[in-house]
Each structure stands twice: as structure tokens, then as C-alpha cells.
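Written below as C-alpha cells is the structure these notes are about.
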Amino acid sequence: MKRVVVISGTNHYEERAKSVIEEYQKEHEVIYLTSDFNHWKKEYFSVELPFAQQLHVPGYQKNISVSRIWSHIVFSIKTFFRLCKLKPDIVYAEIPHNTLAVATKWYKRLHKCELIFDIFDMWPEALPMKSNNPVFKLACSVWGGFRNHNLKFADKVYTECNYFQELINQEGCYVPMETKYLTRKKIDLDIQTIWDADRLHICYVGNINNIIDIPFITEFLARLNTEKLVCFHLIGTGESRSRLIESLEERGVQVVSYGVVYDVHRLQEIFNQCYFGINFLLPDLAIGLTMKSITYLRGGVPLLNNVDGDTWNMVDTYKAGINIDRNNIENSIEMILAMDQKKADAMKQKAHEVFETHFAED
């Protein structure tokens, strides 16, 4: 029996690591190695799993900060020494942290092992801030280089979406890569269309953070609200939640806020009222797929989408929503206003078909 160490820099167990671990556990001994700091909640946490080991790291409060990068570096250094102690035969590292690519590369050089990288996010390419400052650009180049310069040492490289492979190739890094979409369990959900002839019901699910395009969400829904009243169902929390609510209400858009909803059947009750789910991110982010889009699709919620890459292509191919051109929102608004219950039912079915085809666990 081989020993496998699956590494995640923060609490990604449910989102990505769980299915990997469960597959390896069929034949191997598995250790789940993670930090003790929850990136989303910005607080320390404990993993209650018998096969988990946690490494203590410095905490941080801002997503874009020196303290966050330092936390990543500390985790990677501690990971290297823990690997040397555990001596695994297979190392499966989730990237980011980009510095994990360096730490695990050195472990492989010193101890023969199979090394697998799973790139589920692109940093610093996905930064919501851009700058022509030469120091900033150099820092980003070094940060991205930790990942790109070490991919060649991996035996396998997975990416969260096809779009990431295009971006990595643009950096001149050509290694064999395979897309490994995030999956969700199939659940027997009662997907319906509760039609309201007087209002457009649109939802948002997930964390409201610094990559969400609040000005564009506000402008789009406010413009739509002048043609037909909009009820915006907000499911989630985050650092920008109050800002989003205030921005919409100032423009006359009705907001119903539920907070975080964990129960999938309660979530489905809300989804059944909604004709679309908002999937708007800031421009020029290196993101091709969001976890919220998979949540929408599982619940049969068509997307209002401006995310490039895989998501844009799926919406276009399956007609599972509407791709929004920032420079021509009027065309999208006309399509939304032309919706009736029959069209809404058909689009919901297409949305769920995308989930079943690409994201449902076997």
C-alpha cells in the first residue's frame, strides 16, 4: 500500500480535495495536509478528519497583502519538512499556493515520488487589481514563476478548466495538462419555474468579495429595473455584501437577503423562484469557471454570465443562460424581457443538462 499526501493550503476539502482523497483511499493510505487558517472566514479552524494533519501558519485579514504571501511561504516551507518526515510515494498538491510547487519539487528531487499538481486558481493572473508599476509587475512575474517554472517537474498537471491551460501556454510553458472540473454530488432536486408575470427574479449565490463586479451588477439590474421590476435574491455573505445591497437599493432594485443557506433543498426553493443567476466578475481576471456557476447549474438556474473561457463556451453551446457583452447590454436586456414561462422552463432544463454532463459525480 502506497502513502499519498494530498496538500491544500486552506480549507478546500469539500470543494476539491474530498473527491481526490476518496478515490485514493480505495487503494492507498492517504494523509490530508492543510493549514489551520480559513482563507474565506479569515480565522483559524480545525479539520475533524482522522487522516488530516494541519500546519500552523500566520493569519491575515486582506486577500491582497504581504501577510497573505508570507502565510503561503510559511505553509510551503513547513510542508516540505512534513513531507520529508512522512515520506509519501505520491504527492498531490493543490496550486495555489504557488510556492507549494517549489516545495514539492524539492521533495521529489530528494525523495523519489510521483508528483501531481492540481491548478484550481491562477495567481497572480486573477488579481482584481492591475498596475504598470515595474516593482508590482516584477513581483507578479516572480509569483507566477513559482508555478510556471516548476510544472515540468510534475508527473501530471490538472487544471480546473481549459482556460487555465490557454493562459499557461501563453506564458511559454508547454507541459501536458488535463482539465479536471470541480464536481458536485447528484441530488434529487425539485427543479421548477415559479413564474411571476410582474417581476423578474434574479439571484446571486456565494461570497461577495473583491472580484465581484458590483458596479456592473448594479448598472445592469438598474437598467433592467426600468423596463420591468427586478427582485434580487441575495444568498451569501462577504466583505462587500453591504456595499452591494446599498448600491442596488439606491437605484431602486428590491433586494431580498437570505444570508448563507447551507441546506440544498432550501436553496432550491429560492432557485425555483429565479429565472437567472448572476455570474459577473471584474474584467480581465484569469478565471474560466466559478464555483457559484456550478451551484446554479445543479439547481437548474440559467446564468447571466460575463466570465470568459469554459463558462462562456458552455452557456453559448447549451443555451444555458445569456452571455453578457459589457459593450452591448441592451441586446441582453431585450432577451431577458422576451422570456416567458415556456422559455424559462427550457433554459432551466439546459442549465441542469450542463451540470449533468460536466460537473455531476459519477
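Readers should treat all values here as calculations from the given coordinates under stated rules, not as data from a laboratory. What you see is a predicted model; the values in this text were computed from it and never measured. Neighbour counts run over all protein chains shown; Cβ positions are idealised from the backbone, glycine included.
By the Cβ distance rule of under 4.7 Å, the chain has these cysteines without a partner: C84, C113, C140, C161, C173, C231. Taking the DSSP bridge list for the range 200-359 and keeping only pairs wholly inside it, about 5 percent are antiparallel. For L303, the residues 5 or more places off, or on other chains, whose built amide H falls under 5 Å of its own are G277, G321, I322.
Just tell me the longest site-free run in the chain, where the sites are GluC sites (Glu not before Pro) in a DSSP loop having at most 11 other beta-carbon atoms within 10 Å.
Numbers: sites that count: E27, E48, E361.
My reading of the result: 49-360 is the longest stretch.
Within the range 227-316, antiparallel bridges make up roughly 0 percent of the DSSP beta bridges whose residues both belong there. Once backbone amide H atoms are built at 1.01 Å from N, I31 has V4, V5, V6 as its partners under 5 Å, excluding neighbours fewer than 5 places away on the same chain. Does the range 174-249 classify as rounded, prolate or oblate by the C-alpha gyration tensor (a ≥ b ≥ c root eigenvalues; a/c under 1.5 gives rounded; else a/b over b/c gives prolate, otherwise oblate)? Since a/c reaches 1.5 but b/c is at least a/b, the shape of the range 174-249 is classed as oblate. With springs connecting C-alpha atoms under 10 Å apart, model the chain as a Gaussian network and identify which of A52, A197, A351 has the largest mean-square fluctuation. With Cα springs under 10 Å in the chain, the top fluctuation among A52, A197, A351 is at A197.
When each full DSSP H helix of the chain is screened for a Cα extent of at least 27 Å along its own axis and an average Kyte-Doolittle hydropathy of at least -1.0, the helices passing are 66-86. I'd like the antiparallel share, as a percent to the nearest 5, of DSSP beta bridges with both residues in the chain. Rounded to the nearest five, the antiparallel share is 5 percent.
Label positions at R109 and L337, each projected 7 Å from the Cα along the C-beta direction, are separated by 6.3 nm.
Couplings for the range 183-189, taken from phi via the Karplus curve 6.51 cos²θ - 1.76 cosθ + 1.60 with θ = phi - 60°, read 10, 10, 5, 5, 10, 6, 10 Hz in order; Gly and Pro are left as x. One quarter of the convex hull surface built on the alpha carbon atoms of the chain amounts to 18.3 nm², the projected area averaged over directions. As a rough footprinting exposure proxy, the listed residues T295, T34 were ranked by other beta carbons within 10 Å of their own, and the order from fewest upward is T295, T34. Taking a ≥ b ≥ c as the square roots of the eigenvalues of the Cα gyration tensor, the range 3-179 is oblate, since a/c reaches 1.5 or more and a/b is not larger than b/c.
Step through the table entries K62/K348; K2/K180; K78/K292, compare each Cα-Cα distance with 27 Å, and write down the pairs that go over it. Walk me through the numbers on the way to the answer.
Values: K62/K348 37 Å; K2/K180 23 Å; K78/K292 32 Å.
Beyond 27 Å: K62/K348; K78/K292.
Here the range 134-171 and the range 1-64 have alpha carbon centers that stand 22 Å from each other. Approximating the spin labels as points 7 Å out from Cα along Cα→Cβ, the C140-to-N162 distance works out to 2.6 nm. For the pair E227 and K78, a Förster radius of 45 Å applied to the C-beta separation gives a FRET efficiency near 0.20, rounded to the nearest 0.05. Pairs exceeding 27 Å between alpha-carbon atoms, taken from K108/K137; K85/K152; K130/K228; K186/K319; K228/K319; K18/K87: K108/K137; K130/K228. Largest mean-square fluctuation among Q349, Q170, Q273, in a Gaussian network model of the chain whose springs join Cα atoms under 10 Å apart, belongs to Q170. Under a model in which nothing but the beta-carbon of Lys, Arg (+1) and Asp, Glu (-1) is charged, the chain shows a dipole of about 1380 debye around its Cα centre.
How would the range 200-359 be classified by its alpha-carbon gyration tensor: rounded, prolate or oblate, with rounded meaning a/c under 1.5 and the a/b versus b/c comparison settling the rest? Cα axes put the range 200-359 in the rounded bin.
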